[in-house]
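Laboratory data are not the source of any read-out in this text; all were calculated from the coordinates shown. Since this is a predicted model, take the numbers as computed values, not measurements. Glycine also receives a Cβ, built like all others from the backbone with ideal geometry; neighbour counts cover every protein chain displayed.
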Amino acid sequence: MAYDLIVIGTGPGGYVCAIRAAQLGMKVAVVEKDKTFGGTCLNIGCIPSKALLYASELYEEAGHKFGRMGIRVGEPALDLATMMKFKDEGVDGNVKGVAFLLKKNKIDSFQGVGRIAAPGKVEVTSADGKVETVETKNIVIATGSDVAQLKGIAIDETRIVSSTGALVLPKVPEKLLVVGAGVIGLELGSVWRRLGAQVLVVEFLDRILPGMDLDVAKQFQRLLQKQGLTFKLSSKVTGVDASGAKLKARVEPAAGGAAEAIEADVALIAIGRVPYTQGLGLDTVGVKTDNKGRVMVDSRFATSVAGIYAIGDVIAGPMLAHKAEDEGVATAEIIAGRAGHVNHDVIPNVIYTFPEVASVGKSEEELKAAGIAYNTGRFPFTANGRAKVNQTTDGFVKILADANTDRVLGVHIVGADAGTMIAEAAIAMEFGASSEDIARTCHAHPTLTEAVKEAAMAVEKWSISM
Ligand SMILES: Cc1cc2nc3c(=O)[nH]c(=O)nc-3n(C[C@H](O)[C@H](O)[C@H](O)COP(=O)(O)OP(=O)(O)OC[C@H]3O[C@@H](n4cnc5c(N)ncnc54)[C@H](O)[C@@H]3O)c2cc1C
């Protein structure tokens, strides 16, 4: 039987696209090479990492904060195996949820590696080698991404690990070397630091979190250092010798110079991710990719071949689950003849450490580079009543608004619950709000969100609580 749509890959891009297409009346099937649905995000990404971040944060609070609040629980002890089980249960619940939703929406699933044999033809090779060809009017490539490798360093997922191995370490390493100060390295570095590892983060650039607002990155680095993470910036890891009981990493200044040897028990390579298109047959059908191997699409997610679309990590843009999801919805709607659209200027970005870091829109550096005049409103959590009473005063809210129109161009938050608070900024920006719109919107008291309102007030210098 011929389908209206076959989606290859069931990460947040793929499964969401399939469900939206089924809602719109299409006959849909998904192809997934892994045993479970949900892709990187549910199996080895967002979900397991957040389970460990949550559990390790509570472990740290139990050790350091409970006593101050008059809660006596004694010295907390780590049962890592149970913590891992807690994480696995969370993953299991989520992947089963996707299986349920696919079934509920009457979406067929094929387990195996999908290859586009021709436009309208997807060949599925299952684990036992059986090959089946399925016909379809449209194809969506949602094959996601894979770990970027560091030249000359072989990931074995036991001592030299990617994020995947770092989510299943059987014991807390005494010394953890994190290569790369991006989101994944800092999140997983924080997990293992809280559980007792000495963590050193080596970063090629002279700053952490490349691409994020510099002010935010600097403050965040100071906070992480206060927590015990150490950083070696402007440095590169050029090799890891795994022949002895301890790993010996060769670290050199980024600009060149004498190398030093740094010992570690585990090295986490977290230098980014690359699009995954292996075995898809893109060359055969003529689907074009760019110089980074990403599938090229137009603003309607159409590739260079009619009837073939692509979404999520495999195309350009931030590698984020919610970006993939929104592209999945938009593409299903476009295929159904509707006006699907994603506003790529308003994609929030969150780091789920403590405190959290969240941003949406432009950074100061981007505004300066584009020559856009802007006003800044900044409000620290030290002046927010709820943060004071919770003793979570680290961080600030910063709002960047167009100097001529007052339209909000970027919002950056370092602070407890920043990831939840950024939704308010995203909605405001999606509606084209001015900073005054936020400043004059009544915010409940006492909440951390009052700091967003006060930062908006600070744009025109009438913040009340500072
Ligand atoms: C440790 C970690 C933490 C992360 N945390 C967050 C977070 O907190 N928030 C956030 O927004 N993002 C996070 N991400 C990023 C997020 O996981 C990705 O952006 C998201 O999963 C991309 O979704 P996708 O649908 O494009 O692809 P993926 O989730 O990668 O899914 C692609 C799917 O396609 C399948 N596939 C590939 N090729 C084929 C083929 N030929 N045939 C059949 N199936 C195929 C794969 O098996 C996979 O299931 C994290 C990533 C990692 C690694």
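Here are the numbers for the structure shown:
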{"read-out": "For q = 0.16, 0.25 Å⁻¹, Debye-computed log10 I/I(0) when each Cα of segment 79-126 counts as one equal scatterer", "value": "-0.68, -0.90"}
{"read-out": "Violating pairs (Cα-Cα greater than 30 angstrom) within the set Lys151/Lys368; Lys292/Lys368; Lys104/Lys137; Lys103/Lys362", "value": "Lys151/Lys368; Lys103/Lys362"}
{"read-out": "Equivalent-ellipsoid semi-axes of segment 401-448, from the Cα gyration tensor, Å, largest first", "value": "19, 13, 9"}
{"read-out": "Sites Ala77 and Lys288, calculated FRET efficiency, Cβ-Cβ separation with R0 56 Å, nearest 0.05", "value": "0.50"}
{"read-out": "Ranked list, fewest to most other Cβ atoms within 10 Å of each Cβ, for Trp192, Trp462", "value": "Trp462, Trp192"}
{"read-out": "Mean separation of Cα contacts under 8 Å, 6 or more apart, over the residue count of segment 258-310: relative contact order %", "value": "22 percent"}
{"read-out": "For the chain, projected area of the alpha-carbon convex hull averaged over all directions, nm²", "value": "24.7 nm²"}
{"read-out": "Sequence of Ser243, Ser145, Ser126, Ser190 once ranked by neighbouring C-beta atoms within 10 Å, starting from the fewest", "value": "Ser243, Ser126, Ser145, Ser190"}
{"read-out": "14 Å beta-carbon shell around Arg159, net charge (K/R +1, D/E -1)", "value": "-2"}
{"read-out": "Between segment 1-27 and segment 181-207, the alpha-carbon center distance in angstrom", "value": "37 Å"}
{"read-out": "Cα centroid separation - segment 395-452 against segment 96-164, whole Å", "value": "39 Å"}
{"read-out": "Vicinal HN-Hα couplings computed from phi for segment 17-32 (Karplus, 6.51 cos²θ - 1.76 cosθ + 1.60; Hz; Gly/Pro x)", "value": "4, 4, 5, 4, 5, 5, 4, 8, x, 7, 8, 10, 9, 10, 10, 9"}
{"read-out": "Kirkwood Rh, Cα atoms: Rg over Rh of segment 56-179", "value": "1.13"}
{"read-out": "Globularity index of segment 98-242, i.e. its alpha-carbon radius of gyration over 2.2 N^0.38 Å", "value": "1.44"}
{"read-out": "Fraction of the pair-distance distribution of segment 190-242 above 16 Å, Cα-Cα pairs, percent", "value": "48 percent"}
{"read-out": "The chain, helix-only ellipticity at 222 nm - DSSP H runs n ≥ 4, -39,500 (n - 2.57), divided by all residues, nearest 500", "value": "-10000 deg cm²/dmol"}
{"read-out": "5 Å-binned pair-distance histogram of segment 365-466 (Cα, whole percent)", "value": "3, 14, 26, 26, 18, 9, 4, 1, 0"}
{"read-out": "Whole-Hz ³J(HN,Hα) from phi, Karplus 6.51 cos²θ - 1.76 cosθ + 1.60, for segment 403-414, glycine and proline x", "value": "5, 8, 10, 6, 5, 6, 10, x, 9, 10, 10, 10"}
{"read-out": "Cα-based Kirkwood hydrodynamic radius, segment 1-62, one decimal, Å", "value": "13.3 Å"}
{"read-out": "Around Gly293: net Lys/Arg minus Asp/Glu count, Cβ-Cβ under 13 Å", "value": "0"}
{"read-out": "For segment 220-255 versus segment 271-344, the gap between their alpha-carbon centres in whole angstrom", "value": "35 Å"}
{"read-out": "Distant alpha-carbon pairs in segment 306-425 (separation over 23 angstrom), percent", "value": "44 percent"}
{"read-out": "Segment 233-314: Cα Rg divided by the 2.2 N^0.38 Å rule of thumb", "value": "1.69"}
{"read-out": "Fully extended contour minus Cα-Cα distance, from Asp298 to Arg250, at 0.36 nm per residue", "value": "13.0 nm"}
